[in-house]
Amino acid sequence: MSAPVECVLKAREISREFPGVRALDNVQLTLCAGEVHALMGQNGAGKSTLIKVLTGACPPTSGTIELDGQFIQPHSPLDAQRHGISTVYQEVNLCPNLSVAENIFAGRYPYHPWFKGGGIDWQALNQRAHEVLEKLNLHIDVARQLSSYPVAIQQMIAIARATNISARVLILDEPTSSLDDHEVKQLFAVIERLRTQGIAILFVTHFLDQVYEISDRITVLRNGLFVGEYLTSELDRNGLVAAMVGREFIMNNKSDAVHANSNTNACVLEAKQLTRKGQIHPIDLEIKQGEVLGVVGLLGSGRTELARLLFGLDSADGGSVHVDGKLLSLDSPHDAIAHGLALCPEERKTEGIIAELSVRENIVLALQARNGLLPRIAFKEQKELATKFVALLGIKTANIETPIGQLSGGNQQKVLLGRWLATHPRLLILDEPTRGIDVAAKHELTTAIMALAREGMAVLFISAELDEVLLESDRILVMRDRRKAGELPGGCDEQAVYALIAGQA
Amino acid sequence: MNNNEHKSLFQRIGSHPLLSPIATLLLLIIISSVVNPSFLRITWFDGHFSGSLIDVLNRAAPLMLVSTGMMLVIAARGLDISVGAVVAITAAVAALITDGTYGATHSGLSTLFIAVAGALITATLCGLWNGLLVVKTGMQPIIATLILMVAGRGIAQLITGGQIITIYYAPYFYIGNGFLFGLPFALIIALLTAIGLYVLLTRTALGLFIRAIGLNPVAAHVAGVRSRMITLSLYMFCGFTAGLAGLVISSNVKSADGNNAGQLMELDAILAVTLGGTALTGGRFTVVGTMIGALIIQTLTSMIYSSGLPPQVNLAVKAVLVFVVMLLQSNEFRNSMRAVLFKSGTST
């Protein structure tokens, strides 16, 4: 964390207007060489717009951008790249069917030196690609297809490509949102290397932990306005969150959960030797009434697979699941729902919402599906149900007939929660319910869930964010390599969980 | 749909999905009555209504029937291109049963009952076959139903022994030629089917489930909608309506032609469904629109026949009509037209 030496990029008085909206209003940003700069803000704060301005995807209405002392006006991402500003997005923008080396040098292939028409010099290509990746401490086979590597590696390859083309400013737009803890560490190692090379890095993320782990300075935006620029070492978490949400927002330091280790309630769900080939090794599981069971583990540890198996979305190869003592058929969500299970799936857009249907229809869908074709829930009753959950969960929508696709991510998730609560489930399975949702909405959502657990509903809470799970769960199930690695009581030490996840216990 | 209260009545009519099909139908009826001044005249003759309009309604009945089934399958992200072949199979089965081959006598109505039941069961089984292929094997609907489309003609010809079977059993003629309450019986079958379907879609949760499946099948499954069961039933219903159409057609022409009965009907049905405003991508459908779509096609066909133009023109005119209606339904086209109109409006 050496003191910033030289200023690379200065953006001043940047404004950007869209019809009817002022997405950015007099925003400033300063990036220094060899520094990781975090850009923070809630959904809709203007982070994406600012990035688009810097990369030329969407030129500013007014304001100046100064790069190495010269004023520039990038008018396209390609143009920005020529000036030395490269971006790596959350979704990897590479060709999965090409090799790693081909991707790194796409459009800039080396040709055979002695006759140019002779085609690409594959040896030189692979050699150079290898060197580029070595610099980032990545040791992988550059001749293999990009798609054969996990997303994390693909992302680092994208970074390698970006920094190899031009390397003054590197913008990382939510690079870690689909990575697990280990992969994040790998990525951070790469970022550290780039930092020592004197590149100015702009890092956009939702994860507070990561900001404190890697960044030197923080710029906070709110509603398109510049809130402030801070040294990371001088701004504590509460201060950062307060700057982002604009109100005094005290992080829950104390758990709401009951931590009823001696929970003597009746067992809601009992799974025995539940298994599916290639997805979950035989697993035993028990959840009691009113209990919040947190499930943690790395990506691919079997968290989501477990949820899908319990709910009958994937059919089990062996084992049994009893809900309130009754046997589940294990291959039908319909049957699972009939027995009182509910699942908010990980993929909200593709597996959760039906975008074109209204908020009302999305809320009644699961209850109606459990009823079957008849009796149809009367229109009046549908309206009452929808209105009730909109009020109860604080869903922000124009009205209950608005198509759910027009709502923000957090509100969509609340509607889905309402959909399941309408069925009065015995056990609610939540798979990453707070992913891609801003801090304030996240807090509201977890509060709502925990209130429900206190009323006797059991909750299976799957999350990649350990803080959340530690805070809210009565018991924690740790998954590793598609099997149960162990169980810990709620409120236990973070290190104990890490040890189990890493397999060092 | 959501902001109705903010829109004027004019805007609501202007954005109503049934606007363009109704306008198209009215336009065709106006043209028809210009070409043939007696087109709109309806008289009471021989105990029933009579006239060109009644004739159009009568002839449109088979297409209406097939289109309602097709609409549901399309709404659930499917397609059934075997309906024409199912029409042929049904006709052949009915003809064979009335033939007396299975010991039926030409007296009494029991033969009629057996023929109708046998034909409809066969048609529904055809739908079951299609549905099983789609639901159980995960085949693309167009390929799954292509199998029966090709094989069905063969089956129909095997049943009829490669001949056109003439039907002599008089009670059977009532289905396609008879009148009830002064209206063609075929039309009444089609209307009852449509009304029954409408009631089923609105009084039970079927409509919501089909929309959910059509818009996002995965999410519908996760929410507990029994999408496989429902999809299977829709294919069976589609077979059933094709069977009804087969009865009407074979009764109308008093014969069963394995080769030509219901030929290209699958395309007319898809056309009728689309003209009516149902989205081919699934999830959005309208029973009323589909009925209007079928009427558009039949009105157009009748108009060309009665105008004295050579029948070969029929297909070309149909193509032009489809092109225009689809253009009017396309959002991109509407927006660009709106932009042009808006600009010229402000510049003057």
>> Looking at region A:335-350 only, could you name the residues that are surrounded by fewer than 22 Cβ atoms within 10 Å (Cβ to Cβ) and within 7 Å of chain B (Cβ to nearest Cβ)?
In response: A:350
>> Looking only at region B:166-200, filter to residues that are crowded, with 19+ Cβ neighbours inside 10 Å and not hydrophobic (A, V, I, L, M, F, W, C); which one of those is farthest from the other protein chains (Cβ to nearest Cβ)?
In response: B:169
>> Restricting to region B:168-223, name every residue that is over 16 Å from residue A:357 (Cα atoms) and not in a helix (DSSP H, G or I).
In response: B:168, B:169, B:178, B:179, B:180, B:181, B:182, B:183, B:184, B:204
> Which one of the conditions (1) touching a residue at least 40 places away in the same chain (Cβ under 8 Å); (2) surrounded by fewer than 23 Cβ atoms within 10 Å (Cβ to Cβ); (3) within 13 Å of chain A (Cβ to nearest Cβ); (4) not polar (S, T, N, Q) does residue B:213 fail to meet, given that it meets all the rest?
Replying inline: (2)
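Out of region B:65-99, which residues are over 23 Å from residue B:142 (Cβ atoms) and in contact (Cβ under 8 Å) with a residue 40 or more places away in the chain? Reasoning before the result, please.
From region B:65-99, those over 23 Å from residue B:142 (Cβ atoms) are B:91-99; that's our starting set.
Residues satisfying the conditions are B:91, B:92, B:93, B:94, B:95, B:96, B:98, B:99.
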> So which of A:237, A:222, A:276 is among the charged types (D, E, K, R), out of contact with any strand residue (DSSP E or B) (no Cβ under 6 Å at 6 or more places or on another chain) and at pLDDT 90 or above?
Replying inline: A:276
> Restricting attention to region A:391-404, which residues are part of a helix (DSSP H, G or I) and either within 14 Å of chain B (Cβ to nearest Cβ) or within 12 Å of residue A:362 (Cα to Cα) (or both)?
Replying inline: A:404
> Going through region B:216-245 one residue at a time, which ones are in contact with a helix residue (DSSP H, G or I) (Cβ under 7 Å, 6 or more places away or on another chain), more than 9 Å from chain A (Cβ to nearest Cβ) and of a type outside the set (A, V, I, L, M, F, W, C)?
Replying inline: B:217, B:227, B:228, B:231, B:235, B:239, B:241, B:243
> Which residues, counting only those in region B:201-210, are within 7 Å of another protein chain (Cβ to nearest Cβ) and touching a residue at least 24 places away in the same chain (Cβ under 8 Å)?
Replying inline: B:206
>> Tally up the residues in region A:333-356 that are touching a residue at least 60 places away in the same chain (Cβ under 8 Å), in a loop (DSSP other than H, G, I, E, B) and not small (Gly, Ala, Ser), please.
In response: 4
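Sort out which residues of region A:136-150 are under 25 Å from residue A:196 (Cβ atoms) and surrounded by 15 or more Cβ atoms within 10 Å (Cβ to Cβ), and write them in order of number.
Across region A:136-150, the qualifying residues are A:136, A:138, A:140, A:142, A:149.
Let's see how each residue does on (1) out of contact with any Leu (no Cβ under 6 Å at 6 or more places or on another chain); (2) within 30 Å of residue B:44 (Cα to Cα); (3) among the aromatic types (Phe, Trp, Tyr); (4) not assigned by TED's automatic domain parsing to the domain that holds residue B:285:
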{"position": "B:118", "(1), (2), (3), (4)": "yes, no, no, no"}
{"position": "B:121", "(1), (2), (3), (4)": "yes, no, no, no"}
{"position": "B:124", "(1), (2), (3), (4)": "yes, no, no, no"}
{"position": "B:161", "(1), (2), (3), (4)": "yes, no, no, no"}
{"position": "B:167", "(1), (2), (3), (4)": "yes, yes, no, no"}
{"position": "B:183", "(1), (2), (3), (4)": "yes, yes, no, no"}
{"position": "B:187", "(1), (2), (3), (4)": "no, yes, no, no"}
> Do any helices (runs of 4 or more DSSP H) entirely within region B:243-348 hold 2 or more residues that are surrounded by 12 or more Cβ atoms within 10 Å (Cβ to Cβ) and over 20 Å from the mean Cα position of the chain (by Cα), and if so, which?
Replying inline: B:287-306, B:313-329, B:331-347
>> If I filter region A:351-375 down to residues being within 19 Å of residue B:204 (Cβ to Cβ) and among the β-branched types (Val, Ile, Thr), which single residue comes out as nearest to the other protein chains (Cβ to nearest Cβ)?
In response: A:354
> Can you name the condition, by its number, that residue A:107 falls short on among (1) closer than 18 Å to residue A:92 by Cα; (2) exposed (fewer than 14 other Cβ atoms within 10 Å of the Cβ); (3) in contact with a helix residue (DSSP H, G or I) (Cβ under 8 Å, 6 or more places away or on another chain)?
Replying inline: (3)
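The values are calculated or read from the model by the stated rules, or taken from the named source; none is laboratory data. Here the structure is a predicted model, which is why all the values come from computation and not from measurement. Ideal geometry is used to build each Cβ from the backbone, glycine not excepted, and the neighbour counts take in all protein chains shown.
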